Every structure is written in C-alpha cells, then in structure tokens.
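One structure is given here, and the rest of the page talks about it.
The values are calculated or read from the model by the stated rules, or taken from the named source; none is laboratory data. Treat the numbers as computed from the prediction; the structure is a model and nothing was measured. Note that we place each Cβ from the backbone using ideal geometry, even for glycine, and neighbour counts take in every protein chain shown.
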Amino acid sequence: MLPHTLLSLLLCLFILVSGCTALDKPVDFVNPGLQVSDTYGATENAAPAPLAEKRAAGGTNLVTQSLEPLTQSDQKIINTADLSLQVSDVRKTADSIKEIVTKSEGVVQSSSVSAGREDKYTGVVTVRVPSSKFDKTLNEIQILGKVTTSSVTAQDVTEEYVDLDAQKNALTNQLSQYNRILGQAVNVSEILEVQREIERIQVELDRITGKMKYLDNRITFSTITVRLSEPASVVPSPGYSITSVISQAIGGFADTVVWLVIMIMTLLPVIIIAAIGVIIYSRWKVRRSN
C-alpha cells in the first residue's frame with residue numbers, strides 16, 4: 001500500500017512541476033492579420049504608405065480620400081470686357097487699338113466706323129487677346145480716351161468643362177467596347193445593331209468635343225468690345241445787336257402778315273357764303289312784311 005501511495009505522490013508532484021514550467025514560458029498569440037515568415041517572425045500585412053505613417057505616428061484617425069480644391073491654373077475662366085470711350089478722333093483711336101492688340105499677340109475680330117450728325121464719328125471695335133494679357137491690354141485701351149461706361153466679367157465654366165470631359169471619357173470607353181463587340185459579331189443583325197450604337201455614340205462624342213473646343217477658345221482668348229464716340233461741338237450763343245433786332249422784327253412782321261393773309265384766304269369762302277345767306281334772309285323778311 002505504501003509503494004502505491006508514494007508512486008501517486010510522485011506523479012502529482014511531476015504534473016505540478018510541469019505545469020509551473022509551462023506557465024513560466026511566454027505565450028505568443030498570433031494576430032489573424034499577421035503573416036508568419038520563414039524565420040518565425042510576425043510581419044504585418046503590407047499597408048499603403050500614408051496609412052503606415054499614421055500608424056507609426058500613433059494616430060488613430062481613419063484615412064479618408066478628400067477632394068483637393070482646384071488651383072487657379074485648373075479653373076476655367078472666360079474673361080470679357082465692354083467699355084465706351086469718348087475720344088477726340090474715332091478713326092485714329094481705332095488704329096491705336098489695333099496696334100495695341102497686335103503687340104499683345106491678339107486679333108481684331110471686327111471694326112466699324114460711321115459718320116453721324118455734325119460730322120461726328122462713332123465706331124465699335126471688338127478684339128480677342130490672350131487671357132494672360134487681358135488686364136494689360138484693357139488698361140492700355142482705357143487710357144486712349146475718357147471712359148464713360150465699363151463692364152468686366154469673369155465667367156467660371158470649370159464645372160461645365162469638367163462635366164463635358166467626364167462625358168467624353170465615358171463615351172470614348174463605350175466606343176472602344178462597341179468596336180471590340182463589332183469585331184466579334186457573327187451575323188448581320190448583330191453587326192447592324194452595333195454599328196447603330198457606334199454612330200450614335202460618335203455623334204454625341206463629336207458634339208461634346210466641339211463644345212469643349214469652343215470653351216477652350218473662349219478661355220484662351222478673352223474678348224474686349226470698345227465703343228468709340230466723339231464729343232458734341234459746343235456752339236456759343238450769338239450776342240444781340242440793333243441790326244439783328246430790326247431784322248428779327250421785320251421778319252416777325254412779315255410772318256404775321258403772311259399768317260393773316262392765309263387766314264383771310266382760308267375764311268373767305270365761309271364769309272361769302274354767310275353774306276349771301278344774310279342777304280337772302282333780309283329780302284325774304286322784307287317781302288313777308290309787305
């Protein structure tokens with residue numbers, strides 16, 4: 001009995017020592033998101049560089065993708081100006097405007113000069129200049145005369161341009177897909193159907209491309225419209241003299257006589273008819289009384 005008891009005690013002591021030894025060893029819990037390398041080292045799954053930098057810095061915020069604001073170079077602006085100038089010589093000023101525009105590497109879109117009352121000229125000159133030289137050209141034109149009215153606008157078409165560009169890219173991708181489908185079509189009905197879709201997409205793509213080219217042209221070259229006019233002549237009022245007063249009096253008397261003659265000639269038929277009526281009435285009254 002004693003040997004059995006001793007054997008049981010030794011077995012319990014062995015189990016206890018083994019458990020304590022196992023508790024002394026560190027237990028490594030493997031992260032499911034980690035990969036074990038050949039050297040038994042735990043390495044984290046590869047992450048994007050920005051996210052890894054935030055984790056290294058101890059940040060806990062989520063990394064989100066945000067839209068960057070458009071810079072000034074990315075914006076699509078259409079600049080236009082409309083001003084009226086009062087100048088001493090419209091024709092010379094129009095020539096000066098053409099010289100300024102030529103130096104600014106622009107073009108004269110239209111120019112017209114016409115004569116008005118008292119040989120005073122008016123004109124309208126419309127020019128296109130590079131957008132980078134819009135302000136400089138406008139300032140040089142304004143000093144050619146007296147500015148009576150001025151209007152400058154800057155139209156932002158960035159949103160419209162970006163939308164057109166997105167539509168163009170989408171249609172281009174669709175056109176490529178339909179072209180691949182056309183190469184795989186086997187019967188006539190499929191070929192005709194795909195060709196109809198290709199024609200529809202091509203028409204829409206051409207329309208969008210044309211609109212983008214139009215916007216590019218207006219963005220690249222700004223428009224300036226200049227309306228030119230000459231000041232009206234100031235005529236001094238003449239002074240009065242005895243001769244002028246007598247002449248005006250004679251002229252007034254002559255006008256009065258002419259007016260009276262016209263009135264008499266106008267009323268003469270009425271006077272004659274009235275006189276005849278009076279005479280006839282008088283004779284009839286005399287006869288009746290007799």
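Would you confirm whether any residue within segment 237-248 is closer than 30 Å to Val87 by Cβ, surrounded by fewer than 13 Cβ atoms within 10 Å (Cβ to Cβ) and within 60 Å of the chain's Cα centre (by Cα)? The answer is yes, given that some residue of segment 237-248 is closer than 30 Å to Val87 by Cβ, surrounded by fewer than 13 Cβ atoms within 10 Å (Cβ to Cβ) and within 60 Å of the chain's Cα centre (by Cα).
Residues checked against (1) within 30 Å of Arg91 (Cβ to Cβ); (2) crowded, with 16+ Cβ neighbours inside 10 Å; (3) in contact with a Pro (Cβ under 7 Å, 6 or more places away or on another chain):
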residue: Val113; (1), (2), (3): yes, no, no
residue: Gly116; (1), (2), (3): yes, no, no
residue: Asp119; (1), (2), (3): yes, no, no
residue: Val129; (1), (2), (3): yes, yes, no
residue: Glu160; (1), (2), (3): no, no, no
residue: Asn169; (1), (2), (3): no, no, no
residue: Gln184; (1), (2), (3): no, no, no
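Each residue in segment 72-113 was checked for being touching a Phe, Trp or Tyr at 6+ places or on another chain (Cβ under 7 Å) and not in a loop (DSSP other than H, G, I, E, B), and 4 of them qualify. A Cβ distance below 9 Å, combined with a sequence gap of six or more or placement on separate chains, defines the contacts here; from segment 165-185, residues that are in contact (Cβ under 8 Å) with a residue 60 or more places away in the chain reach no residue that is surrounded by 14 or more Cβ atoms within 10 Å (Cβ to Cβ). Is it true that Ser104 is in contact with a strand residue (DSSP E or B) (Cβ under 9 Å, 6 or more places away or on another chain) and modelled with pLDDT of 50 or more? Spelling it out, Ser104 is indeed in contact with a strand residue (DSSP E or B) (Cβ under 9 Å, 6 or more places away or on another chain) and modelled with pLDDT of 50 or more. Applying the criterion of being assigned to a helix (DSSP H, G or I) and among the aliphatic types (A, V, I, L, M) to the residues of segment 119-170, the residue that is farthest from Gln86 (Cα to Cα) is Ala170. Restricting segment 140-153 to residues that are more than 21 Å from Asp95 (Cβ to Cβ) and surrounded by 12 or more Cβ atoms within 10 Å (Cβ to Cβ) leaves a set whose member that is nearest to the chain's Cα centre (by Cα) is Val152.
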